[in-house]
Amino acid sequence: MTSATRNEVLLLLIAVVVVAWQAPHLPASLEVGELIAGAALALLLQGGVRDVVSLIREKRRKASGVVAAEVPHEAHCMCLESTIGLSGVLLGVVLTALLTNGSRVGLLVWIWPVGIAMIGLTGLGIRDLVIQWKPKIRLLRVKDHGSILVRFR
């Protein structure tokens, strides 16, 4: 396990503890769309924090002269974590707008920290996966895929 992974697991554990501590003050029910959008935003937030830390780490390496600047390569792909997150937010917003009949999901106090843990572990599991669509559609594991220039044509 790398130090970055250890730090991410530690931050996830802290987030779960904070959510468990605050769970009695969180809503006892949410609309389906709100729940989906919220979970997707949590996944995007986790990936965003990871990306910011990665950019800071890379900037420090370049400033110290340890690593030469890498020329990014082009690919027809997109990060799976971002794809799920953005699709989930869009789906959640659409469902919230369309379902006005009060379709709510009851949330017990223990579901909040368990949900955050599940979302965080999912993010850890799919963080290196990208969806490639050319030459054929497939999932690839690409470590540190932030330097890939995405092409849509």
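Ranking request for peptides 33-45, 106-118: highest mean number of other beta-carbon atoms within 10 Å first, then the rest in descending order.
Averaged packing, sorted descending, gives the order 33-45, 106-118.
When Ile56, Ile84 are ordered from fewest to most other Cβ atoms inside 10 Å of their Cβ, what list results?
With the fewest neighbours first, Ile56, Ile84 line up as Ile56, Ile84.
Could I have the simple spin-label model distance between Ala63 and Leu86, label points 7 Å from Cα toward Cβ, reported in nm to one decimal?
Calculated label separation equals 3.0 nm.
Run the dipole for the chain about the Cα centre, Lys and Arg Cβ at +1, Asp and Glu Cβ at -1, nothing else charged, and hand back the magnitude in debye, nearest 20.
The dipole of the chain has a size of about 580 debye.
Going by C-beta contacts inside 10 Å, put Val53, Val89 in order with the fewest on the left.
Neighbour counts put them in this order, fewest first: Val53, Val89.
For Cα pairs less than 8 Å apart in space and 6+ apart in sequence, what is the mean separation divided by the residue count of the chain, i.e. the relative contact order in percent?
This gives 38 percent for the chain.
Please give every one of the lysines within straight-line cross-link reach of Lys59, meaning a C-alpha to C-alpha distance under 22 Å, and leave out same-chain neighbours fewer than 8 residues apart.
Answer for Lys59, where 22 Å is the Cα cut-off: Lys143, listed by chain and number.
Using the count of nearby Cβ atoms within 10 Å as a rough guide to exposure, how do Met1, Met78 rank from fewest to most?
Ordered from fewest to most neighbouring Cβ atoms within 10 Å, Met1, Met78 come out as Met1, Met78.
Once you sort the root eigenvalues of the Cα gyration tensor of the chain as a ≥ b ≥ c, which label holds: rounded (a/c under 1.5), prolate (a/b larger than b/c) or oblate (the other case)?
Verdict is oblate for the chain.
Run the Debye formula on the Cα coordinates of the stretch 1-62, all scatterers equal and no solvent, and tell me log10 I(q)/I(0) at q = 0.13, 0.17, 0.29, 0.30 1/Å.
With no solvent term, the Cα-only Debye profile gives -0.50, -0.76, -1.23, -1.24.
Every number in this text was worked out from the coordinates using simple rules, so none of it is lab data. From a predicted model like this one, the values you see are computed outputs, not experimental measurements. Neighbour counts run over all protein chains shown; Cβ positions are idealised from the backbone, glycine included.
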